[in-house]
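Enquirer: My questions will all concern the structure given below.
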Amino acid sequence: MAFSFPTMKRGASQPLLGIDVTASSVKLVELVPGTRTGMKLERYAIEPIERGAIVDGHVEKPEAVASAMTRAIRRTGTRARVAALALPSSEVITKRIMLPAGLLEEDYEVQVESEASQYIPFPIDEVNLDFQILGPSEQSPDDVEVLLAASRKERIEDRVAIAEMAGLKPIVVDVQPYAARLAIDHVCSFLPGAGAGMVLAVFDIGQATTSLTVVHEGKTVFEREQPFGGGVLTQDIVRCYGLSVEEAELRKRSGDLPTNYVAEVLAPFVDQAATEIARALQFFYASTPFTRIDRVFLAGGGAVTPGLAEAIAERTQVATEIMSPFQGMEIGSGVRERQLQVDAPALMVSCGLAMRRFDQ
Ligand SMILES: Nc1ncnc2c1ncn2[C@@H]1O[C@H](COP(=O)(O)OP(=O)(O)OP(=O)(O)O)[C@@H](O)[C@H]1O
Ligand SMILES: [Mg+2]
């Protein structure tokens, strides 16, 4: 499901860039068909965005975002210009509705539009709408469950305009959690029995937010976002050592910090993060019929924080691993594999966007 621009044709042979834009960075991924496996990571880049350019998901400085995009494109040397973008979920209204089963595609479009007008607080001609039939309704056999998504046209146009400034041709504007699901499903396909019967919790630990997605039998059964992320540790470093945010960010990654850092700054953060995650799982148990989680996957840039996966495993008593969306893929010769190990979890959404090349 995505807001697409059907005027532009696409096919698996057409190169496509997955571009995830968040407040902290532009993340670019290009997947190509593999020779031994279905997909190959040809190139990627993570390019920081000037602070304040995007605030609460809203673009304040389009030129600054476009220039980060341009740098990401240059750095990878890609010649592809067709792109899949994503909106943060805060810019999209989603709703599950019931419609009669067995209608024609056009009839669903009409029905979705009339249903949508009840939920959307602005005129229907100011929104882009999309929908996906999820499957038969559990309550009534004559109905199907339909997921509808709506976003203000201007929000989509803003993002498209930025990509165009960077010389890109956007053909799809997805929603971040849906793009993430493509990457999650790919990783799940490597679990025993392709994850059948398992209850999987994926935490995307970003800069300012941590989002939890619980997947069971190929369905998202729970979603929740918490205002907590790796930025908390950066701020702790700023406060403790009197560094600028940029310097603290660099040193956090390189580990080039005074000897008391691990015990006095990193360890309390890891403890706090594990508490947040355990709490999110408690909330999941309390608000769903589920009584267990079989595996915790950590994604997002915060996933690689030293000691975090171990702390979460111990606190929750659930097997926990750091997720790479590129599992099972060939890796292009231009990609530095050691750096990729550190960066891969942060590329979950951009990888999911790049995978749109392969879903017809
Ligand atoms: N090697 C590393 N070690 C520790 N933390 C890291 C590392 N690399 C990135 N991070 C942290 O990950 C966070 C960024 O993660 P990510 O790129 O997934 O966030 P985002 O998607 O931009 O933010 P959000 O999801 O909140 O919008 C930052 O806080 C950054 O400091
Ligand atoms: Mg993120």
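Enquirer: Looking at segment 187-210 only, could you name the residues that are touching a helix residue (DSSP H, G or I) at 6+ places or on another chain (Cβ under 7 Å) and within 16 Å of ligand 2 (Cβ to nearest atom)?
Expert: Taking segment 187-210 as the starting set, the residues that turn out to be touching a helix residue (DSSP H, G or I) at 6+ places or on another chain (Cβ under 7 Å) are 188, 194-195, 200-208, 210.
Hits for segment 187-210 are Val202, Phe203, Asp204, Ile205, Gly206, Gln207, Ala208, Thr210.
Enquirer: Leu340: within 16 Å of ligand 2 (Cβ to nearest atom), within 21 Å of the chain's Cα centre (by Cα) and closer than 25 Å to Leu191 by Cβ, yes or no? Steps first, answer last, please.
Expert: Values: within 16 Å of ligand 2 (Cβ to nearest atom): no; within 21 Å of the chain's Cα centre (by Cα): yes; closer than 25 Å to Leu191 by Cβ: yes.
Judged against the criteria, Leu340 is not a match.
Enquirer: In addition: Of everything in segment 329-343 that's touching a strand residue (DSSP E or B) at 6+ places or on another chain (Cβ under 8 Å) and not charged (D, E, K, R), which residue is surrounded by the most Cβ atoms within 10 Å (Cβ to Cβ)? It would help to see each step written out before you state the result.
Expert: Step one: list which residues in segment 329-343 are touching a strand residue (DSSP E or B) at 6+ places or on another chain (Cβ under 8 Å), which gives 329-332, 334-335, 337, 340, 343.
Pick out the ones that are also not charged (D, E, K, R) and you get 329, 331-332, 334-335, 340.
Details: Met329: 20, Ile331: 14, Gly332: 17, Gly334: 11, Val335: 17, Leu340: 16.
Of everything passing the filter in segment 329-343, Met329 is surrounded by the most Cβ atoms within 10 Å (Cβ to Cβ).
Enquirer: Please note which strands (runs of 3 or more DSSP E) are completely contained in segment 38-147 and include at least 2 residues that are among the hydrophobic types (A, V, I, L, M, F, W, C) and farther than 30 Å from Glu337 by Cβ.
Expert: Numbers: elements: 39-48, 82-87, 93-100, 127-136.
Where strands (runs of 3 or more DSSP E) fall fully within segment 38-147 and carry at least 2 residues being among the hydrophobic types (A, V, I, L, M, F, W, C) and farther than 30 Å from Glu337 by Cβ, they are 93-100, 127-136.
Enquirer: Something else: For Leu243, only one of the following conditions fails: (1) over 25 Å from the mean Cα position of the chain (by Cα); (2) within 16 Å of ligand 1 (Cβ to nearest atom); (3) part of a helix (DSSP H, G or I). What is its number?
Expert: Condition not satisfied by Leu243: (3).
Here's the yes/no breakdown for (1) surrounded by 15 or more Cβ atoms within 10 Å (Cβ to Cβ); (2) among the hydroxyl-bearing types (Ser, Thr, Tyr); (3) within 20 Å of the chain's Cα centre (by Cα):
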residue	(1), (2), (3)
Thr213	yes, yes, yes
Gly218	no, no, yes
Gln226	yes, no, yes
Gly230	yes, no, yes
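Enquirer: Oh, and also: When you scan segment 278-296, do you find a residue that is over 23 Å from the mean Cα position of the chain (by Cα), under 30 Å from Val32 (Cβ atoms), among the polar types (S, T, N, Q) and not in a helix (DSSP H, G or I), even just one?
Expert: no
Enquirer: Something else about it: Only one residue in Glu126, Glu138, Glu109, Glu164 is within 30 Å of Ser67 (Cα to Cα) and out of contact with any strand residue (DSSP E or B) (no Cβ under 7 Å at 6 or more places or on another chain), so which one is that? Write out each step before concluding.
Expert: Details: Glu126 fails: out of contact with any strand residue (DSSP E or B) (no Cβ under 7 Å at 6 or more places or on another chain); Glu138 fails: within 30 Å of Ser67 (Cα to Cα); Glu109 fails: within 30 Å of Ser67 (Cα to Cα).
Among Glu126, Glu138, Glu109, Glu164, only Glu164 is within 30 Å of Ser67 (Cα to Cα) and out of contact with any strand residue (DSSP E or B) (no Cβ under 7 Å at 6 or more places or on another chain).
Enquirer: Still on this structure, please answer the following. Can you find, within segment 25-49, the residue that is surrounded by the most Cβ atoms within 10 Å (Cβ to Cβ) among those that are modelled with pLDDT under 95 and polar (S, T, N, Q)?
Expert: My answer is Thr37.
Enquirer: Given the criterion surrounded by 20 or more Cβ atoms within 10 Å (Cβ to Cβ), within 16 Å of ligand 2 (Cβ to nearest atom), among the β-branched types (Val, Ile, Thr) and farther than 26 Å from Ala45 by Cα, identify the matching residue among Ile293, Ile277. Write out each step before concluding.
Expert: Details: Ile293 fails: within 16 Å of ligand 2 (Cβ to nearest atom).
From the options Ile293, Ile277, the qualifying one is Ile277.
Enquirer: Would you say Leu347 is closer than 25 Å to Thr22 by Cα, in contact (Cβ under 8 Å) with a residue 40 or more places away in the chain, within 16 Å of ligand 2 (Cβ to nearest atom) and aliphatic (A, V, I, L, M)? Give the steps one after another, and end with the answer.
Expert: Values: closer than 25 Å to Thr22 by Cα: yes; in contact (Cβ under 8 Å) with a residue 40 or more places away in the chain: yes; within 16 Å of ligand 2 (Cβ to nearest atom): yes; aliphatic (A, V, I, L, M): yes.
Spelling it out, Leu347 is indeed closer than 25 Å to Thr22 by Cα, in contact (Cβ under 8 Å) with a residue 40 or more places away in the chain, within 16 Å of ligand 2 (Cβ to nearest atom) and aliphatic (A, V, I, L, M).
Enquirer: Shifting gears a bit: I need the full set of residues from segment 176-223 which are charged (D, E, K, R) and part of a strand (DSSP E or B), in order please.
Expert: Quick first cut of segment 176-223, residues charged (D, E, K, R) only: 181, 185, 204, 217, 219, 223.
Answer for segment 176-223, where residues must be charged (D, E, K, R) and part of a strand (DSSP E or B): Asp204, Lys219, Glu223.
Enquirer: Here's something else I'd like to know. Could you pull out the residue among Gly300, Gly328, Gly352, Gly334 that is closer than 22 Å to Ser25 by Cβ, more than 16 Å from ligand 1 (Cβ to nearest atom) and either in contact (Cβ under 8 Å) with a residue 60 or more places away in the chain or of a type in the set (Ser, Thr, Tyr) (or both)? Walk me through it before giving the result.
Expert: Numbers: Gly300 fails: more than 16 Å from ligand 1 (Cβ to nearest atom); Gly328 fails: closer than 22 Å to Ser25 by Cβ; Gly352 fails: more than 16 Å from ligand 1 (Cβ to nearest atom).
The unique qualifying residue is Gly334.
Enquirer: If you go through segment 125-153, how many residues are of a type in the set (Asp, Glu) and crowded, with 20+ Cβ neighbours inside 10 Å?
Expert: So the first thing to find is which residues in segment 125-153 are of a type in the set (Asp, Glu), and the list is 125-126, 130, 138, 142-143, 145.
If we keep only those that are crowded, with 20+ Cβ neighbours inside 10 Å as well, we get 130.
Counting residues in segment 125-153 that are of a type in the set (Asp, Glu) and crowded, with 20+ Cβ neighbours inside 10 Å gives 1.
The values are calculated or read from the model by the stated rules, or taken from the named source; none is laboratory data. Quick caveat, the model's predicted, so the values are computed rather than measured. All Cβ positions, glycine included, derive from the backbone under ideal geometry; neighbour counts span all protein chains shown.
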